[in-house]
Amino acid sequence: MKTSQIPFRTLREAPAEAIIASHQLMMRADLIRKLGNGLYTYMPLGLKAYRKVEGIIKDELNKSGALEFKPTVIVPGEIWKESGRWETMGPQMLKAKNRGDQDMVVSPTAEEAYTAICRAGLTSYKQLPINMYQINTKYRDEIRPRYGVMRGREFNMMDGYTLNANDESLDESYQGYAKAYHRIFKRLGLKVIPVKADTGAMGGSGSEEFMVESPVGDDTLILCPKCGYAANVEKASCRPDPALDDSGKPQAKTDLPFEEVATPNVFSIEDMEKFFGTTSKRFVKALIYRVINSSLDLTGTAGADKLKRVKEGDFEFYPVSYVCVLIRGDLDVNEAKLAGLLKASEVCLADDEEVVAMSGAPHGFVGPVKLNCPIVQDLSVNDMHDAFAGAGKEGFHIKHVEPGRDFTAWKNADVRTVKSGDKCCCEGCDGEYYTTKGNELGHIFKLGKKYTQSMGVTYLDENGKAAVPTMGCYGIGVDRVLASIIESFHDDKGIQWPMSVAPFQVAIVPIKYKDAMKDAADKLYDELTAAGIEVLLDDRDERPGVKFNDMDLLGFPVRITVGDKNLPNVEVKIRNQAEASLVPLTEAGAKVADIVRSALAELNAV
């Protein structure tokens with residue numbers, strides 16, 4: 001193809017809103033154009049790169065045995081009500097009504113659609129497992145879409161789904177997708193880190209994310225340099241560390257009753273350290289959380305007797321409830337872990353009025369003894385003794401607090417945020433964690449029967465009895481992968497595409513597209529095209545500097561420069577190498593074809 005056939009325009013400067021490299025370069029290279037907030041159009045060169053990413057994903061999934069299908073983007077709201085996510089998915093889900101007043105959803109994800117589709121045709125165990133995937137448009141009404149296609153409102157996802165007869169079959173499907181993911185990202189030139197992850201609103205028994213390190217990543221990764229443990233901070237666990245007293249020894253139990261102490265103007269943990277002259281590891285921090293759409297049954301739980309429980313289909317939940325989280329004073333609550341524990345769509349710190357209603361005191365004086373809501377106790381509190389805490393009374397704290405004696409937890413679980421320097425949780429490993437930023441490119445889930453049970457999916461097993469299948473879900477963000485490739489491969493001049501993803505593998509740039517230079521450029525173009533190489537011929541009437549800058553910005557892996565001064569030689573330049581080389585025109589086509597094939601072979605090697 002010739003540049004004169006492509007309606008593109010490059011920019012010297014990126015728009016002010018473009019902060020990260022991929023957004024800046026995609027806008028400057030005219031790979032995408034903004035249509036609205038969080039809404040981007042792929043232009044021809046950007047779409048060519050996108051289709052290559054998509055093609056590699058499809059190729060590897062097809063090889064793994066998955067079959068492609070295509071559900072609609074607009075789906076009935078009724079199936080979301082069946083699954084229980086009509087309310088719990090939250091405001092990011094775009095809802096609408098059709099002319100028949102039927103509730104509709106612009107798909108933010110496709111578990112319900114897949115389950116409903118497979119339910120209609122499933123009758124026997126002989127049909128299982130069912131393994132299908134789609135690459136389709138999604139919409140999530142992000143509050144703050146940013147970073148271009150890295151986090152837009154409309155985006156493209158690969159969603160794979162399996163229905164399986166049992167956990168062993170599900171694990172086989174799960175591992176099959178994991179292996180396919182490794183091959184996909186290898187072919188794309190990306191080095192990924194598989195990490196244990198929170199299942200979030202998806203639900204299920206387990207999940208794994210495929211992350212790529214990035215300074216602008218949305219996720220914090222917890223990594224062990226000794227054993228290779230890797231987890232998203234939302235899921236990471238660490239080895240318990242003992243609560244220590246002021247001398248660095250384990251805290252000792254006291255028989256003294258807890259005692260109120262007047263503490264005017266003492267609000268924070270730092271204030272308490274100064275006032276009591278002790279370490280933060282001796283404080284029980286109490287935080288009131290508002291819980292949205294919890295599906296746990298709180299019947300008979302202290303402080304929950306007046307809560308309203310709602311039923312939609314087979315799904316029952318509390319639209320709003322409250323808990324008090326107790327955690328050691330030097331630690332922070334992990335809200336993703338807390339939401340997962342409570343089977344809630346969201347948790348957030350309660351506002352001032354709610355805090356007083358639940359605890360009898362304003363923030364800073366909340367304590368574990370006088371509460372009107374259930375207590376969730378982090379494991380770090382279990383071995384605390386003779387501790388300090390809020391008194392549940394403004395202007396007062398209490399000392400000589402004994403967990404288990406002075407208050408009783410409703411739930412005792414790991415809800416702490418793991419940080420750099422914590423000890424690895426793996427048996428026999430004494431490594432200390434470090435952290436890095438990362439972007440999630442892919443995610444695999446063992447969903448279990450969350451959707452099949454709620455949506456009434458059954459089949460006849462080998463004994464002729466009705467059984468409910470288990471389910472897996474496997475996703476890759478196609479736009480995010482494309483942006484992450486640019487984040488990983490660029491310099492101050494522009495993009496440096498891996499050979500497998502470049503819109504064109506070779507750019508031919510004649511200094512002027514006329515006379516001998518035109519003849520040589522046309523000859524090379526015909527020769528390389530016949531060899532199956534994707535070539536862009538720059539036939540524009542522009543200054544050489546403009547052409548070179550554009551080709552560097554666009555990032556084509558190989559550039560061939562044809563100029564009067566060098567003929568009958570041409571200049572061959574690899575985009576990510578500093579030096580160019582002169583090659584006879586008669587040999588250039590074969591040499592460049594070998595460069596392209598060699599680079600592809602290296603990326604495609606298993």
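Every number here is computed from the coordinates shown, using simple stated rules; none is lab data. Nothing here was measured: the structure is a model prediction, and the numbers come from that model. With ideal geometry, Cβ positions are generated from the backbone for all residues, glycine too; neighbour counts draw on all protein chains shown.
As a rough footprinting exposure proxy, the listed residues 484, 420, 295 were ranked by other beta carbons within 10 Å of their own, and the order from fewest upward is 420, 295, 484. Extension gain for the segment residue 605 to residue 144, taken as residue separation times 0.36 nm less the Cα-Cα distance, is 162.0 nm to one decimal. Using the Cα gyration tensor of segment 263-350, with a ≥ b ≥ c the square roots of its eigenvalues, what is the shape: rounded (a/c below 1.5), prolate (a/b larger than b/c) or oblate (neither)? Prolate.
Counting neighbouring Cβ atoms within 10 Å and putting the fewest first, the residues 12, 559 line up as 12, 559. Translational diffusion of segment 259-413 was estimated from the Stokes-Einstein equation, with Rh taken as the Kirkwood radius over Cα pairs; at 10 °C and 1.306 mPa s the coefficient is 101 µm²/s. In units of the compact-protein estimate 2.2 N^0.38 Å, segment 387-535 shows a Cα radius of gyration of 2.10.
Checking the cross-link pairs 306/411; 81/285; 2/58 against a 31 Å limit on the alpha carbon distance flags 81/285 as lying beyond it. Taking label positions 7 Å along the Cα-Cβ direction at both residue 531 and residue 34, the computed distance is 4.2 nm, reported to one decimal. Each label point was placed 7 Å from the Cα along the Cα-to-Cβ direction; for residue 590 and residue 491 their separation is 3.0 nm. Taking GluC sites (Glu not before Pro) across segment 1-98, the ones in a DSSP loop with at most 14 further Cβ atoms lying within 10 angstrom of their Cβ are 13, 17. Ranked for footprinting exposure by Cβ neighbours inside 10 Å, fewest first, 214, 598, 280 give 598, 280, 214. A cut-off under 14 angstrom between Cβ atoms defines the neighbours of residue 370, and their net charge, with Lys, Arg +1 and Asp, Glu -1, is -2. Adding -39500 (n - 2.57) for every DSSP H run of four residues or longer, then dividing by how many residues the chain holds, sets the calculated 222 nm ellipticity at -8000 deg cm²/dmol. Would you please give the FRET efficiency between residue 127 and residue 312, computed as 1/(1 + (r/R0)^6) with r the Cβ-Cβ distance and R0 = 45 Å, to the nearest 0.05? Once the sixth-power term is evaluated, E becomes 0.90.
Subtracting the Cα-Cα distance of residue 252 and residue 549 from their residue separation scaled by 0.36 nm leaves 99.9 nm. Extension gain, residue 269 to residue 179: 0.36 nm times the residue separation minus the Cα-Cα distance gives 27.7 nm. Take every Cα pair under 8 Å whose residues are at least 6 apart in sequence, average their separation, divide by the length of the chain, and the relative contact order is 17 percent. Evaluating 6.51 cos²θ - 1.76 cosθ + 1.60 at θ = phi - 60° for every residue in segment 272-289, the Karplus couplings come out as 5, 4, 5, 5, 8, x, 9, 7, 5, 6, 9, 9, 8, 7, 10, 10, 8, 10 Hz, glycine and proline recorded as x.
Remark on the chain: hydrodynamic radius 27.7 angstrom, per the Kirkwood mean of 1/r across alpha carbon pairs. Between residue 2 and residue 581, the distance separating the two model label sites (each 7 Å from Cα on the Cα→Cβ line) works out to 3.1 nm.
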